[in-house]
Structure formats: C-alpha cells, structure tokens
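Quick notes on the structure that follows.
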Amino acid sequence: MATKTFAQLKSESDNRNLVRKTLQAVCFLAPTSAALPDALTDTSGALQELPKDYWPVGLVTPDGYSFAADTTKEDVDALGYSQPVRSDITKVAKSIEVTVLETLKKNVQGLIRGMDMSSVKAGTNGEVTFDEPGMPTFTEYRLIVISQDGPADSEWLVGRGYPLVKLSEIPEEVWNSSDATQCKLKFDVFPDPKLGTSCRHYIAGTGAVKYKDALGYTQPAA
C-alpha cells in the first residue's frame, strides 16, 4: 500500500469551496394547493421562477432562519452495563423560526392574526381597518427558504421546501422608539402524506454545477 504524508491526505480531503455561508435569503409562503418545486434551477444552474401563488415574507432580522428538530429517544438498559445497549428515536418535532420586519403587509397580517384577509380592502384615504377574531385560525401553508452565497459564476443556492407548516403561536409585538416593529414567527412542520416528506432539500446554483465532482453525488450520464 502506498504511503502518503498528512499534508497530502489533508489536501485531498479538504475543499474550501464547499464552506458556505448565507449572505442573503428569501422566504415564501403559499397555500397548500400550490406546487412544491421539484427543482430551484434550470440545467445551467440559473434560478427559476417559483410556482404560482407563492408570496414573499419580505425583510427579516439579521439572525435569519433557524431550523430546529426536537428529538425524543428511548434507551434500553441492560443488567451489568453502565450505558444503554440500544437507543431508538421515537419522535422528531421540527420547527422553523424567523423574525419578520415587514409586519404591515396584508399577507403577514393575515398570518399573524390567524384570519382570512381576502375581503379586507383599503379605503379611499388609504386607511385599512379590520377586526381581529377572538380565536385565531392558523392555516397550513407551503414554505420555501432559499439561501444565496457566492458570485454569479459560482453561486450557491441552498433551499428547504416544507409542504406543510403552521404558525404555532401568536407572536409578541413590541412598539417602541428604538427598534423596528417586528414579529418572531415560529412554524410547526408536518409531513405531507401525498409527497411523503416533511422537508425537501435543494443544493443548486452555478456553484453546484462547477463543483459537482467535489460534492460527491452521482451525476446523470452525458
């Protein structure tokens, strides 16, 4: 067997081009009747338009998006062993958190109030008036988050598509003179029985095309 120095092994193993950040991100919601994209980009790695009925959440705070998975597991102990001899995951409660800044948008207001805003219209003076329900009815949505990193010729577009999410609580609002009005949203994630998944992952863009060999996924035949 041939020998190698540690420096050679390290050079073959590491690839700095696969170290990515989220420089920008966008989030969209849609009714469950909308399609969840099969792909974010075309064959060249260019971003495609989202399916009909997706609307943007808009500006969010710099802490961005948090994707959590609260895992519950059960251990099996055995006589004479100080550690479990078996462990099984029995529950994974997934959630998404983001703090939005464009709180006055019609769609965002309907989301956080848990009400149908389709009949709410502005008056001739531009004023909008509506009555909040005593008990909110949170609706299930499709949700897509797309992260962007890198220049145009080496752009990484990493996305997550959730077929079913629902707001888990009425967000707190604080009005003051020092901070922008904002709402911290927490979505519960549910599996879609038709699609057979609770989350669809996307790794795309011209960067994924450029560094496809380093990513390690099998490529289609030319």
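Rounded to the nearest 0.05, the FRET efficiency derived from the C-beta distance between L101 and S178 at R0 = 22 Å is 0.90. At full extension, V76 and T3 could sit 22.0 nm farther apart than now, given 0.36 nm per residue minus the alpha carbon distance.
Between D14 and Y65, the modelled labels are 3.0 nm apart [label points 7 Å from Cα along Cα→Cβ]. Full extension of the chain between S87 and K21 gives 20.4 nm of extra length, using 0.36 nm per residue less the Cα-Cα distance.
I'd like the distance separating the alpha-carbon centroids of the range 129-156 and the range 26-95, in whole Å. Going from one Cα centre to the other spans 13 Å. Cross-link pairs exceeding 30 Å between alpha carbons, from the set K105/K166; K73/K166; K52/K105; K91/K212; K73/K106: K91/K212; K73/K106. For T197, the amide hydrogen comes within under 5 Å of the amide hydrogens of D192, counting only partners 5 or more places away or on other chains and with H modelled in the peptide plane.
Working note: Karplus 6.51/-1.76/1.60 with θ = phi - 60° gives the range 140-156 the couplings 7, 10, 7, 9, 10, 10, 10, 9, 10, 8, x, x, 4, 7, 8, 8, 9 Hz, where Gly and Pro are set to x. Within the range 82-222, all pairs of alpha-carbon atoms sorted by distance into 5 Å bins from zero give the percentages 2, 7, 12, 13, 13, 14, 12, 10, 8, 5, 3, 1, 0, 0, 0. Here the range 163-187 is scanned for amide nitrogen atoms under 16 Å from the site 7 Å beyond the Cα of E140 along Cα-to-Cβ, giving 163-168, 187. Between the amide H of Y211 and any residue lying 5 or more places away or on another chain, no distance stays under 5 Å, with hydrogens modeled in the peptide plane. Quick one: net charge around P84, please, counting Lys, Arg +1 and Asp, Glu -1 for every other residue with C-beta under 15 Å from its C-beta. Result for the neighbourhood of P84: -2. Here the contact order of the range 9-165, divided by its residue count and restricted to Cα pairs under 8 Å and six or more residues apart, works out to 26 percent. The string of couplings for the range 101-111 from the Karplus curve (6.51, -1.76, 1.60, θ = phi - 60°) is 10, 8, 6, 8, 4, 4, 5, 5, 4, x, 5 Hz, one whole number per residue in order, with x for Gly and Pro. In terms of its Cα atoms, the range 61-155 spans 79, 49, 20 Å along the principal axes, sorted from long to short.
Taking 0.36 nm per residue of separation and subtracting the Cα-Cα distance, full extension of the segment from S44 to V120 would add 23.1 nm.
Here, each number is a calculation from the coordinates, and none is a lab measurement. Computed from a prediction, not measured in an experiment: that's the story for all the values here. We place every Cβ from the backbone using ideal geometry, glycine too, and count neighbours over all the protein chains shown.
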